[in-house]
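Participant: Got a structure for you, written out below as structure tokens; questions coming shortly.
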Amino acid sequence: MTDVLVPRRLAAPEPGWTVAADVVVVGSGIAGLTCALRLRERVDRVLLVTKTVLSAGSTQWAQGGIAAALDPEDTPQEHLDDTLVAGVGLCDVEAVRALVTEGPDRVRELVALGAEFDRDAGGEIKLTREGGHHRDRIAHAGGDATGAEISRALIAALQRVLDDPGIEVVEHALVVDVLTAGDGSACGVTLHVIGEGQVDGVGAAHARAVVLATGGLGQIYTSTTNPPVATGDGMAAALRAGARVTDLEFVQFHPTVLFLGEGSTGQQPLISEAVRGEGAFLVDDRGERFMVGRHELADLAPRDVVARGILDVMGERGLDHVWLDARHLGARFLEERFPSIVARCRELGFDPATELLPVAPAQHYASGGVETDLRGRTSVDGLYACGEVSCTGVHGANRLASNSLLEGLVFAHRIADDVTSRLAAGELPERRAVEPTDEPARLLDSSQRIGLQRTMTRGCGPLRSADSTARALVELEALAALPTGAAEPGPRTWETTNLLHLGQALATLARRREETRGGHVRTDFPERDDDRWLVHQGLVRSAEGSLVVGERPVSEPMGGAW
């Protein structure tokens, strides 16, 4: 097996148009919208670009809610403790502390902005519980449509200021690559815009700072809860630009995704953890509850524990799924509390009020990503990352339920504050982009995407081994070596090539980590090994294009030198 090589850039037409701003924010989920809105109040010009339309990102799909210590009897310390347990020893404690202490105020600011959370008879925000939490601290909206409501409120706030010349929004804009100056710092991005007139096709957006808020890489697997836009574009662009990517092997597989049959691919219907939070439970083919006795929280154990319990039962009993029993909750309660889930299930021929729901784990969330410090800075000066594209150290080896929306919110504020102060101090000057001299990437045609996804699912899915990850690397290398042929530059081809580069990075780290921890399950190393593996693994692209692996003890803060 040869070294994994990742080129500096994707093959693309030369930019046919340019635009300039102080800051370019890429992505319109909770992280990107929050950051852009906060920056718009403080800097002269912000450009917000998004891959399709403002509302199409992963935020709108968040069913369960947003976690914060809003109950007077709850505390940030208790929220911190639950997060550290879920992260299985790999959380950055200071990052978690920032999350849980600043989180409640950030949620209250969302309310002031117009987000309408579900409330009790006394007018207080209703709080419920999800896996891994020892208290009711999940705020939700529309029963099971929290992400959609937060997205609506943030987009409405953005629409109210769109006549401000200090902010511009460009939709249908796919980030191709990060532009860098002679010193390696970020100074903008290249974009492909599906539009009309001057801003159409590939162009260059020049800026003093770039904020990536582009979401995750869910489409790297055959089955995922992620929307089709989650092809890891920002993560791959950062990797090619020389930014460090960390903990990428820790992929969270949500335990309860509606099982639609062995051949079903793409975005799958998620049955929120909140359903179990309200009393639903898992059973095997004999109708027996199997999470009782496996963990003190039983069906509400952290996601990695529940997913592993399901996989164990499936293996022991020869099943391709298990069942979720919510029948005892009753039709009226289910329809009021989970209207979207119930409607989707019934649309697909399942009624949670009268029958068991077939469920199995599917890819859900990337706990790793572009490594940042507490201010959202990556290892490339001028380049920031926020939300699922980033690795702040908050999640460790496994994300605690409903911490993702909060992370996007809290760290978007931190990034906006840091960018503002650095611009004022003259620390982010205008820089001229340098043209890369090396050859652009071989592009992988989009017709190869399903093969890539199958390779990743077999080799680096919820169960992995030295053999499976090695096979994945060989198969990915073969894909990388395919003749370009009909692989013309364009959005589908760029997305598929991004998934290839990230697949190679993920498989490299997954093969090296010889233990089972959190979302990383190694069948050949079934135990957690703190003596050897209480470390973060990261990858950075060398000047020659090879991926160089480094390690940092968990005791050292994220964002520092290796």
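Participant: In whole Å, how far is the Cα centre of segment 224-270 from that of segment 344-361?
Facilitator: With segment 224-270 and segment 344-361 each reduced to a Cα centre, they are spaced 23 Å.
Participant: At 222 nm, what helix-only mean residue ellipticity would the chain give, in deg cm²/dmol to the nearest 500, using -39500 (n - 2.57) for each DSSP H run of four or more?
Facilitator: Value at 222 nm, helices only, nearest 500: -10000 deg cm²/dmol.
Participant: If you take the beta carbon distance between residue 262 and residue 14 as r and set R0 to 30 Å, what does 1/(1 + (r/R0)^6) give as a FRET efficiency, to the nearest 0.05?
Facilitator: 0.10
Participant: Then there is this: How big is the dipole moment of segment 255-360 about its Cα centre under a simple scheme where the beta carbon of each Lys and Arg is +1, that of each Asp and Glu is -1, and everything else is neutral? Debye, nearest 20, please.
Facilitator: With only Lys, Arg, Asp and Glu charged at Cβ, the dipole is about 160 debye.
Participant: Can you give the charge dipole size of segment 446-533 about its Cα centre, rounded to the nearest 20 debye, using +1 on the beta carbon of Lys and Arg and -1 on the beta carbon of Asp and Glu?
Facilitator: For segment 446-533, the charge dipole is close to 200 debye.
Participant: Place a point 7 Å from the Cα of residue 354 along the Cα-to-Cβ direction; which residues of segment 321-336 have their backbone N under 16 Å from it?
Facilitator: Only 326-335 fall inside the zone, counting backbone N under 16 Å.
Participant: Okay, moving on. Could you check what % of the DSSP bridge pairs in segment 255-360 are antiparallel, to the nearest 5?
Facilitator: Looking only at bridges with both residues in segment 255-360, the antiparallel portion is about 90 percent.
Participant: Put a dot 7 Å past each Cα toward the Cβ at residue 528 and residue 120; how far apart are the dots in nm?
Facilitator: Once both label points are built, they end up 3.3 nm from each other.
Participant: Further question on the same structure: Which of the listed residues, 251, 329, 270, is farthest toward the dipole's positive end in segment 210-336, when Lys, Arg count +1 and Asp, Glu count -1 at the beta-carbon?
Facilitator: 251
Participant: Give the longest segment of the chain that steers clear of trypsin sites (Lys or Arg not before Pro) in DSSP loops with at most 14 neighbouring Cβ atoms within 10 Å, not counting the sites themselves.
Facilitator: Result for the longest clean stretch: 1-159.
Participant: In the chain, with Lys and Arg counted as +1 and Asp and Glu as -1 at Cβ, which of these residues, 342, 535, 496, has the Cα nearest the positive end of the dipole, that is, farthest along it?
Facilitator: With unit charges placed on the Cβ atoms, the residue in question is 496.
Participant: Ok, one more. Figure the gain on full extension for residue 544 and residue 160 (residue separation times 0.36 nm, minus the Cα-Cα span) and round it to one decimal in nm.
Facilitator: That works out to 133.5 nm of additional length.
Participant: Pull out the extension gain between residue 3 and residue 454, defined as 0.36 nm times the separation in residues minus the alpha carbon to alpha carbon distance; nm, one decimal.
Facilitator: Contour length minus the Cα-Cα distance gives 160.2 nm.
Participant: Any idea how far apart residue 335 and residue 52 come out in nm if each label point goes 7 Å out from Cα toward Cβ?
Facilitator: So the two model labels end up 3.0 nm from each other.
Participant: Taking Rh as the Kirkwood radius computed over C-alpha pairs, what is the Stokes-Einstein D of segment 446-533 at 20 °C in a medium of viscosity 1.002 mPa s, expressed in µm² per second?
Facilitator: 156 µm²/s
Participant: Please compute, for the alpha-carbon atoms of segment 255-360, the extent along each of the three principal axes and give them in descending order in Å.
Facilitator: Largest first, segment 255-360 extends 33, 33, 23 Å along its Cα principal axes.
Participant: A further question follows. Taking only C-alpha pairs under 8 Å that are 6+ residues apart, what is the relative contact order of the chain in percent?
Facilitator: 22 percent
Participant: Take every DSSP beta bridge whose two residues both sit in the chain, then give the antiparallel share in percent to the nearest 5.
Facilitator: Restricted to the chain, the bridges split so that about 65 percent are antiparallel.
Participant: Now for a different question. How big is the charge dipole of the chain about its Cα centre, in debye rounded to the nearest 20, if each Lys and Arg gets +1 on its Cβ and each Asp and Glu gets -1 on its Cβ?
Facilitator: 500 debye
Participant: Return the FRET efficiency for the residue pair residue 447, residue 427: r is the Cβ-Cβ distance, R0 is 56 Å, and the value is rounded to the nearest 0.05.
Facilitator: The value I calculate is 0.80.
Participant: Assuming R0 = 51 Å, what is the FRET efficiency of residue 438 and residue 316, from their Cβ-Cβ distance, to the nearest 0.05?
Facilitator: 0.50
Laboratory data are not the source of any read-out in this text; all were calculated from the coordinates shown. Not measured: the values here are computed from a predicted model. Using ideal geometry, Cβ is built from the backbone for each residue, glycine included, and neighbour counts are taken over all protein chains shown.
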